[in-house]
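The structure appears right after this line, and notes come after that.
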């Protein structure tokens, strides 16, 4: 059997694939963050909590309402996105004129409160959520099983990322949004309701996190700290990609997933730190991030 | 009986980057006469992280149950609790602060890295520390402490019960997935010793970052590639839960690989669900449905528990507080507030007996001994009621369950 650095080639290929799956989550989450930061200038520290709420919404829909995975994929982002819209109206909209730091602290506080409430209500060990029957099972590659569900996650993430990118970069609505970040007063003068557009953008960013949560529910244990485990890594991804760059965060998300996957093979102990090492290097060499514009 | 409970510090710093400095512990002020006649117990554990359900509010509820059942015997008991966030530095600061403020006993202290660190503070200050939640057998081995006791379970006992039984059942080649800190290393070491002693082989191991890992698929695939008969999970809490879920997802069990969940609590089984968890074997020293006494205890404490049935850590907190208070009543409050080593010596001299663990004793190295039980997780159709999860496979007698005194290298044991 062919070997690469002492690891059998098929096994290494499998690990790349697994890295790509984790990268899909990084990409989806950092995409939402990038949308919110790029268009609203808010560092949304509550993104992990909103990801977790997405997973919990799916669980609640199933356990309390008997509503399955596919409907949850649609309803959960709507529910959590609506909560996001309310949060934006009540709190975040007051902060647009202030320094970034205020938004960061506010959303950080919100994240602590949300996670605390869920922890008190549901405990810390998590709740079971089963893989939908249509996506259960696995492909047998010989050297490893590849669960069908994980393949679905990659496809779903790719579609979601591309759609969002096209929407913002290639459509009239996206053009309005980008114009509003440059000069809100001028866009408003053309008759566009900028505050409403901004509110809906935040809601959409939150909904992206919630979709990620629903996709993650069958794989990880649905527990209140599932978001806080991911969010630090995702912030690093956003910083490496360039704050606010949509394409940057998508590409970096997938790439870093793969890098992390390889680290898990060659030096497992370092797999939790490798992304931060890369972040430090990128910040030194290109302070605006790999795809940053400034 | 005045029993005060005060939340001292209970907020998790969510992000390492935003880590906040520890809050100040505010103990209720007592007059000097009151203070001299009040025994103060501090429960220190994980209130907000991955081990919250395994320890957390459940441990506090069970300690309170012991205080309530002990009743009024001429002195007051006060209980406070705090969150050590699974960080040794937070635990050490809190322990110093608590002992300096007149806390007489620190209880629970899960997460082996924190447990060992607090154990050192207790030794240095000659104050009582009863560790219930940590697993590492080093607490009664090389790092044993004259003023410390290790109560419910340890890595040696888990390794002997689960590991020993798995090798006997034909699982003689192992690969370990190990949480990369004191606990995981100790559990892997103790289990590997049993595997080798029984003629088995260890094919390899992978150390996973704690607590930042939630995707174990890569590690599981690496394990599978070495073609072991058994994958030993030397981890706990949500790490174990995620490993079990993802091993099922990646079809490991369908390829005939057995999972040995070396530390699994009933609270974890509840979270995994019987559908995914059925057939797993695990070891605990307490199960609520073991006998009439354990069922009676569970009925009494359940109304106070946070939507959970007690596991062996929760039960251990009850049992430890009860025995400690009996000792205080026996030696007097003034003596009990004196040097910790003397209190612990008295506790070692008295036999233990309670509803959770039955009759037992505390050895000279600080090891509380009682029987250990090997369980198999039931199939969904076998479970007849809420939390009816375990089938008893075998019982290891008190004298056999834990590491022999001579093998631990504890300086307190004179050869």
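Before moving on, here are some points about what is shown:
- When we screen B:142, B:117 for residues that are surrounded by fewer than 24 Cβ atoms within 10 Å (Cβ to Cβ), out of contact with any strand residue (DSSP E or B) (no Cβ under 6 Å at 6 or more places or on another chain) and assigned to a loop (DSSP other than H, G, I, E, B), the only hit is B:142.
- Of all residues making up the range B:206-236, the number that are assigned to a helix (DSSP H, G or I), within 30 Å of residue A:227 (Cβ to Cβ) and within 7 Å of chain A (Cβ to nearest Cβ): 6
- Condition check for residue A:276: more than 20 Å from residue A:14 (Cα to Cα), within 11 Å of another protein chain (Cβ to nearest Cβ) and touching a helix residue (DSSP H, G or I) at 6+ places or on another chain (Cβ under 7 Å): yes
- Screening the candidates B:239, B:268 for the property of being touching a helix residue (DSSP H, G or I) at 6+ places or on another chain (Cβ under 6 Å), closer than 16 Å to residue B:135 by Cβ and in a helix (DSSP H, G or I) yields one hit, B:268.
- Condition check for residue A:112: assigned to a helix (DSSP H, G or I), away from every other protein chain (no Cβ under 14 Å), closer than 18 Å to residue A:210 by Cα and over 17 Å from the mean Cα position of the chain (by Cα): no
- Among the residues examined, residue B:127 does not qualify as in contact with a helix residue (DSSP H, G or I) (Cβ under 9 Å, 6 or more places away or on another chain) and surrounded by fewer than 20 Cβ atoms within 10 Å (Cβ to Cβ).
- Selected residue [modelled with pLDDT of 95 or more and not in a helix (DSSP H, G or I)] from B:287, B:318, B:324: B:287
- Candidates B:315, B:296 - the one that is exposed (fewer than 15 other Cβ atoms within 10 Å of the Cβ), more than 14 Å from every other protein chain (Cβ to nearest Cβ) and closer than 26 Å to residue B:81 by Cβ: B:296
- Residue match in the range A:264-271 (condition: crowded, with 24+ Cβ neighbours inside 10 Å and within 14 Å of the chain's Cα centre (by Cα)): no
- For the range B:180-205, the candidate set comprises residues that are within 14 Å of chain A (Cβ to nearest Cβ) and in contact with a strand residue (DSSP E or B) (Cβ under 6 Å, 6 or more places away or on another chain); within that set, the residue that is surrounded by the fewest Cβ atoms within 10 Å (Cβ to Cβ) is B:204.
- Counting residues in the range A:78-95 that are within 14 Å of chain B (Cβ to nearest Cβ), in contact with a helix residue (DSSP H, G or I) (Cβ under 8 Å, 6 or more places away or on another chain) and modelled with pLDDT of 85 or more gives zero.
- Helices (runs of 4 or more DSSP H) within the range A:182-266 that include 1 or more residues touching a helix residue (DSSP H, G or I) at 6+ places or on another chain (Cβ under 6 Å), within 14 Å of chain B (Cβ to nearest Cβ) and at pLDDT 90 or above: A:194-216, A:226-241, A:246-266
- Residue in the range B:155-178 that is closer than 21 Å to residue B:87 by Cβ, over 16 Å from the mean Cα position of the chain (by Cα) and buried (at least 24 other Cβ atoms within 10 Å of the Cβ) present: yes
- Selected residue (criterion: nearest to residue B:388 (Cα to Cα)) from residues of the range B:257-280 that are surrounded by fewer than 22 Cβ atoms within 10 Å (Cβ to Cβ) and more than 13 Å from chain A (Cβ to nearest Cβ): B:279
The values are calculated or read from the model by the stated rules, or taken from the named source; none is laboratory data. No experiment lies behind these values; they were computed from the predicted model shown. All Cβ positions, glycine included, derive from the backbone under ideal geometry; neighbour counts span all protein chains shown.
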